Amino acid sequence: MASTTYTADLKNFDELLAPELYDLLKMRVDVFVVEQNCAYPELDGKDIDALHLRLLESGELLASARILKPREPHDPSKIGRVVVSPAHRGKRLGDALMSEAISVCERLYPANPIALSAQAHLRRFYESFGFIGTSQEYLEDGIPHIDMVRQTARPARILS
């Protein structure tokens with residue numbers, strides 16, 4: 001797992017303190033807008049209804065992801081805005097973050113698959129967590145993406 005110690009924190013938008021929200025949004029803008037040189041609407045209105053998963057070490061934000069609940073009973077939950085702080089890369093925090101995010105989705109929405117829109121170069125990373133591609137590559141904000149889904153864990157079949 002991660003080569004650093006961390007605590008996982010899950011909050012809805014209203015539970016985030018102003019400095020926590022600032023740190024989360026700053027990290028996302030620093031990576032998705034500035035580092036990836038991609039002008040797009042980072043503040044898309046979905047954060048208000050999302051759960052925000054954060055990995056922290058001594059109060060410092062290491063990584064985060066956004067979890068959206070299923071819209072309809074059989075729709076997937078969604079994991080998005082998966083990001084690791086540039087200062088903490090190389091510590092396998094992406095693995096830790098995805099494991100935590102999948103665990104949250106399975107605990108809160110056990111009957112629903114989990115979906116995400118992956119940057120295409122990260123396809124194998126997400127496949128290592130059981131996600132499979134469900135679309136052809138497409139451009140989103142000028143970056144190749146692919147839709148992926150992970151089916152729910154099914155209970156073992158009991159033979160009688």
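The values are calculated or read from the model by the stated rules, or taken from the named source; none is laboratory data. These figures come from a predicted structure and were not determined experimentally. Every residue, glycine among them, receives a Cβ derived from its backbone with ideal geometry; neighbour counts consider all protein chains shown. Side chains are part of the model used for accessible areas, which takes the heavy atoms of the whole protein and leaves out ligands, DNA and RNA. Shrake-Rupley method; radii C 1.70, N 1.55, O 1.52, S 1.80 Å.
Some points to look at:
- SER135 without any contact (Cβ under 8 Å) to a residue 40 or more places away in the chain, within 19 Å of ASP47 (Cβ to Cβ) and open to solvent by 20 Å² or more (accessible area, probe 1.4 Å): no
- Residues being closer than 19 Å to LEU51 by Cα, open to solvent by 40 Å² or more (accessible area, probe 1.4 Å) and assigned to a loop (DSSP other than H, G, I, E, B) - total across region 77-128: 3
- Within region 108-160, the residues that satisfy the criterion of being among the β-branched types (Val, Ile, Thr), modelled with pLDDT of 95 or more and closer than 15 Å to LYS78 by Cβ are ILE114, THR134, ILE146, VAL149.
- Any hit, region 35-56, residues being assigned to a helix (DSSP H, G or I), surrounded by fewer than 17 Cβ atoms within 10 Å (Cβ to Cβ) and at pLDDT 95 or above: yes
- Tally, over region 64-76, of residues that are within 20 Å of ASP44 (Cβ to Cβ), touching a residue at least 12 places away in the same chain (Cβ under 8 Å) and either open to solvent by 30 Å² or more (accessible area, probe 1.4 Å) or in a strand (DSSP E or B) (or both): 8
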